[in-house]
Amino acid sequence: MTVPRCHVSTRKGLFTIERGAGAWSITRTRFLGDNVTLALHDARSGHLFAALNHGHFGVKLHRSEDGGAMWKEIAAPKYPPKPEGYVPKAPAEGVPADWSLKLIWALAAGGPGEPGVLWCGTLPGGLFRSEDNGDSWTLNRPLWDDPRREEWFGGGADHPGIHSVLVDPRDARHVTIGVSCGGVWTTRDGGANWEPTATGMRAEFMPPERQFEPNVQDPHMLAHCRANPDVMWAQHHNGIFKSADGARSWTEITGVQPSTFGFAVAAHPRDEGTAWFVPAVKDETRYPAEGRVVVTRTRDGGRTFETLSQGLPQHHAYDLVYRHALDVDETGDWLACGSTTGSLWVSEDGGDSWETISSNLPPIYAVCFERP
Amino acid sequence: MATVRFTRNIQRHVTCPTLEVPGATLREVFDAYFAGNERARGYVLDDGGRLRHHMAAFIDGRQIDDRERLSDPVAPGAVVDIVQALSGG
């Protein structure tokens with residue numbers, strides 16, 4: 001069996017943790033001092049990808065082909081020139097999307113029969129595809145040129161962005177994306193045609209007559225069960241939503257304590273009834289209720305939830321867990337969770353108990369288990 | 001020919017030695033410099049070919065006017081400095 005390994009993207013570098021003989025430890029740091037916003041392990045090739053945002057010097061992508069020891073800068077997605085005379089439509093907040101890469105917000109491997117295919121979601125809302133392991137990228141024009149895309153607006157950022165890309169393991173032409181704010185969109189033909197698929201989601205932040213419009217929704221994160229990808233979970237700005245039909249419709253799940261607000265969600269890879277969330281006080285304040293970090297878990301498809309706290313800080317803890325900072329491995333037993341205050345926890349029993357790996361890392365943006 | 005100098009902070013990511021290159025405008029000077037160092041282009045210019053938001057450029061100590069098209073004239077013998085704007089943190 002390979003050594004369990006997880007990659008932690010932080011404001012000051014990429015950290016790799018491994019489980020040695022009985023204990024987890026940080027075994028490697030790369031890009032120390034640099035802002036690593038996201039990492040991906042492609043189980044098909046074994047490649048690792050790291051997205052960096054240098055601020056002054058822009059957004060970059062790096063790839064490692066040896067498990068993370070050596071890295072090489074590869075192409076970053078590049079927006080095409082804006083057509084001559086084109087006047088973009090101003091969205092709700094009045095700032096039209098710039099045709100320029102602001103942030104890499106989603107990285108996903110294509111299907112098992114598509115070696116080298118990667119998807120990349122970005123701010124200000126472009127979805128890119130690579131067919132050569134990230135050596136080059138192409139903007140998905142059907143989605144970008146859809147006039148409804150111009151109605152998207154920023155959620156917590158100046159620009160809208162694609163943060164979730166779910167590739168159906170049964171059929172890689174079926175791709176579902178989550179947009180803050182633009183709802184959920186689905187293609188079933190590999191990206192030639194896209195439709196909004198957020199029916200049932202509710203946006204309390206909109207005027208009453210517009211609250212159920214699919215294209216104004218703010219899903220913070222999407223996850224699906226790999227054994228039954230029609231079962232999807234969404235941690236939405238307004239709460240928790242579930243789909244049992246591949247995003248064709250969504251049902252709101254209410255009454256989950258201590259809160260249904262949060263950013264992260266992870267879905268069990270084999271058990272379609274199990275998912276995890278990390279709640280926070282909604283929605284302007286965004287800290288753990290009563291200063292207690294907890295994870296909520298359902299194991300019955302969302303009918304009931306448990307509040308898991310063993311091993312997590314329960315006194316004056318103000319850790320917020322961002323949308324990509326909760327991950328579950330391929331067994332469904334091991335979870336990793338990282339916070340804005342640099343705490344990193346791992347569970348080996350499906351969230352029943354947690355071990356603190358560090359309380360002193362830089363702010364954590366994302367965690368990513370390697371999958372065989 | 002103009003002399004192009006870069007902030008030392010960029011050197012950690014991509015080596016940008018001081019060089020003399022031809023060009024009558026900043027765009028021409030950049031094109032000449034980046035022709036021999038294509039990777040550096042993306043660190044200084046965004047994907048629309050504009051000077052990156054938190055970068056600043058000076059020609060003989062004068063901050064440039066045209067960050068979009070980079071049309072500021074560059075006289076023979078001028079010194080072009082590429083630095084970070086403190087607004088970028």
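The values are calculated or read from the model by the stated rules, or taken from the named source; none is laboratory data. Keep in mind the model is a prediction, meaning the values are calculated, not measured. For neighbour counting, all protein chains shown are included, and Cβ atoms are generated from backbone atoms with ideal geometry for every residue, glycine included. With ligands, DNA and RNA removed, areas are computed over all heavy atoms of the protein, side chains included. Shrake-Rupley method; radii C 1.70, N 1.55, O 1.52, S 1.80 Å.
I'd like the interface area for chains A and B: accessible area of each alone minus the complex, both sides summed, 1.4 Å probe, protein heavy atoms only. What is it in Å² to the nearest 100?
Buried area (both sides, nearest 100 Å²): 1300 Å².
Between the alpha-carbon centers of region A:121-135 and region A:294-320, tell me the distance in whole angstrom.
Region A:121-135 and region A:294-320 have Cα centres separated by 34 Å.
With every protein chain left in place, what is the accessible area of A:Phe369 in Å² (1.4 Å probe, nearest 10)?
Approximately 0 Å² of A:Phe369 is accessible to the 1.4 Å probe.
How many percent of the accessible area of region B:2-88 is carbon or sulfur, using a 1.4 Å probe?
C and S fraction of accessible area: 52 percent.
Enumerate lysine pairs in the protein assembly as shown that are 8 or more residues apart or on different chains, then count those whose Cα atoms are under 25 Å apart.
Close lysine pairs found across the protein assembly as shown: 14.
Give me the percent of DSSP beta bridges within chain B that run antiparallel, rounded to the nearest 5.
In chain B, DSSP labels about 75 percent of beta bridges as antiparallel.
Could you put A:Met70, A:Met201 in order of accessible surface area, largest first, with the 1.4 Å probe and the full protein assembly present?
My answer, sorted largest first, is A:Met70, A:Met201.
Helix-only estimate, please: 222 nm mean residue ellipticity of chain B, summing -39500 (n - 2.57) across DSSP H runs of length 4 or more and dividing by its residues, to the nearest 500.
-5500 deg cm²/dmol
Considering only protein heavy atoms, what per residue accessible area in square angstrom results for the protein assembly as shown with a 1.4 angstrom probe?
Dividing the accessible area of the protein assembly as shown by its residue count gives 41 Å².
Can you list the residues of region B:39-62 whose accessible area drops by at least 40 Å² going from the chain on its own to the full set of protein chains, with a 1.4 Å probe?
B:Tyr43, B:Asp47, B:Arg50, B:Arg52
Could you compute the net charge surrounding A:Arg129? Neighbours are other residues with a C-beta less than 11 Å from the C-beta of A:Arg129; K and R count +1, D and E count -1.
It works out to a net charge of -2.
Could you report the accessible area of A:Tyr287 in Å², rounded to 10, computed with a 1.4 Å probe on the protein chains as they sit in the structure?
Here the accessible area works out near 90 Å².
How much accessible surface does B:Leu70 have with a 1.4 Å probe, in Å² rounded to 10?
0
So, in Å, what gap is there between the alpha-carbon centers of region A:53-84 and region A:164-234?
After rounding, the separation between the Cα centres reads 26 Å.
Quick one: which residues, 5 or more positions from B:Ala78 or on another chain, have an amide H under 5 Å from its amide H? H modelled 1.01 Å from N in the peptide plane, none for Pro or chain starts.
So B:Ala78 has HN proximity to B:Thr3.
Can you put A:Lys242, A:Lys78 in order of accessible area, largest first, using a 1.4 Å probe?
If we order A:Lys242, A:Lys78 from most to least accessible, we get A:Lys78, A:Lys242.
222 nm [θ] for chain A, helices only, -39500 (n - 2.57) per DSSP H run of 4+, per residue, to 500?
It lands at 0 deg cm²/dmol.
Residues with beta-carbon under 12 Å from that of A:Leu308, excluding A:Leu308: net charge, scoring Lys, Arg +1 and Asp, Glu -1?
Result for the neighbourhood of A:Leu308: 0.
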